[in-house]
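Here the structure comes first, spelled out in structure tokens, and everything after it is commentary.
The values are calculated or read from the model by the stated rules, or taken from the named source; none is laboratory data. Just so you know, these numbers come straight off a predicted model, no measurement behind them. Using ideal geometry, Cβ is built from the backbone for each residue, glycine included, and neighbour counts are taken over all protein chains shown. Heavy atoms of the whole protein, side chains included, go into the accessibility calculation; ligands, DNA and RNA do not. Shrake-Rupley method; radii C 1.70, N 1.55, O 1.52, S 1.80 Å.
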Amino acid sequence: MQTNSNEIGVFTHGKLTRSFAFLISGVAIFFYTRQCIIAKSIMENLTAKMLLYPQSANFYYAMKLLTSLSLVAGLVVVLIIFYTLIDVWGLKVIITTDELIVINTLIKKFPGTGRIPCDEIVEIKKGLFRFKILGEKNSVSISGVEKIDLLFHLIYECKNNKFKDKLKL
């Protein structure tokens, strides 16, 4: 997505946040791999015991089901962490003299990206992990970028058209 040459500020996550997200992703993948190895050995052990003791087949089926569900739950956790990694590494918030632009440099159609003209910004809502900036027609959402207080100040200045006075546009 191209931006205008009248950029006032560009905000991203800091190096420490990016490094931490990358580290957490690596740890999650490592532990999920370990979980898969352990689950495979449990499944093989349960299959062998089920063949030896067919009268307890229901118990072994229940244990296999629980093991499979734990793998699914682990995969969901890894996918959430991977989503967060993409958000942290790709998020770019650009404020110009007339609009707020939220893009993800890794995935173009990432949830929460878009453009809002400064005149249309209605409010900023704080969610559990993200801030939602509501416009009259659409909305964008951002996670806590570095110097977010300055970003909110610039959004306020943009909303009140104070940039145009300062830049003599």
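In this structure, is Ile116 modelled with pLDDT of 90 or more and farther than 20 Å from Gly14 by Cα? If you could, list the steps in order and put the result at the bottom.
Details: modelled with pLDDT of 90 or more: yes; farther than 20 Å from Gly14 by Cα: yes.
Yes, satisfied.
Under 6 Å between Cβ atoms, at least 6 apart or on separate chains: pull out the pairs that start in region 36-59 with a residue that is surrounded by 12 or more Cβ atoms within 10 Å (Cβ to Cβ) and end on any residue that is modelled with pLDDT of 90 or more and of a type in the set (Asp, Glu).
Short answer, once both residue conditions are applied: none.
For region 72-86, indicate whether the set of residues that are within 27 Å of Lys15 (Cα to Cα), modelled with pLDDT under 90 and of a type in the set (S, T, N, Q) is non-empty.
No, every residue in region 72-86 fails to be within 27 Å of Lys15 (Cα to Cα), modelled with pLDDT under 90 and of a type in the set (S, T, N, Q).
Where the second residue is among the hydroxyl-bearing types (Ser, Thr, Tyr) and the first is under 17 Å from Val145 (Cβ atoms) and lies in region 107-131, which pairs have Cβ atoms under 6 Å and are six or more apart or on separate chains?
Correct list of pairs: Gly112/Ser141; Arg130/Ser141; Arg130/Ser143.
Cβ-Cβ below 7 Å, separation at least six or inter-chain, first residue in region 132-161 and over 13 Å from Val93 (Cβ atoms) and touching a residue at least 24 places away in the same chain (Cβ under 8 Å), second open to solvent by less than 40 Å² (accessible area, probe 1.4 Å) and of a type in the set (Gly, Ala, Ser): which pairs?
Listed pairs, sorted by first residue: Asn138/Gly114.
Out of everything in region 69-88 that is touching a residue at least 12 places away in the same chain (Cβ under 8 Å) and more than 9 Å from the chain's Cα centre (by Cα), what residue ends up being least open to solvent (accessible area, probe 1.4 Å)? Show your work before the answer.
Within region 69-88, the subset touching a residue at least 12 places away in the same chain (Cβ under 8 Å) is 70-71, 74-75, 77-78, 81-82, 84-88.
The next check asks that each one be more than 9 Å from the chain's Cα centre (by Cα); those that pass are 70-71, 74-75, 77-78.
Values: Ser70: 48, Leu71: 42, Gly74: 13, Leu75: 76, Val77: 80, Val78: 28 Å².
Among them, the one singled out is Gly74.
Please state which one of Lys132, Lys108, Lys137, Lys125 is over 26 Å from Thr17 (Cα atoms), outside the structural domain of Phe22 (by the TED database) and surrounded by fewer than 18 Cβ atoms within 10 Å (Cβ to Cβ).
Values: Lys132 fails: over 26 Å from Thr17 (Cα atoms); Lys108 fails: over 26 Å from Thr17 (Cα atoms); Lys125 fails: over 26 Å from Thr17 (Cα atoms).
Residue meeting the stated conditions: Lys137.
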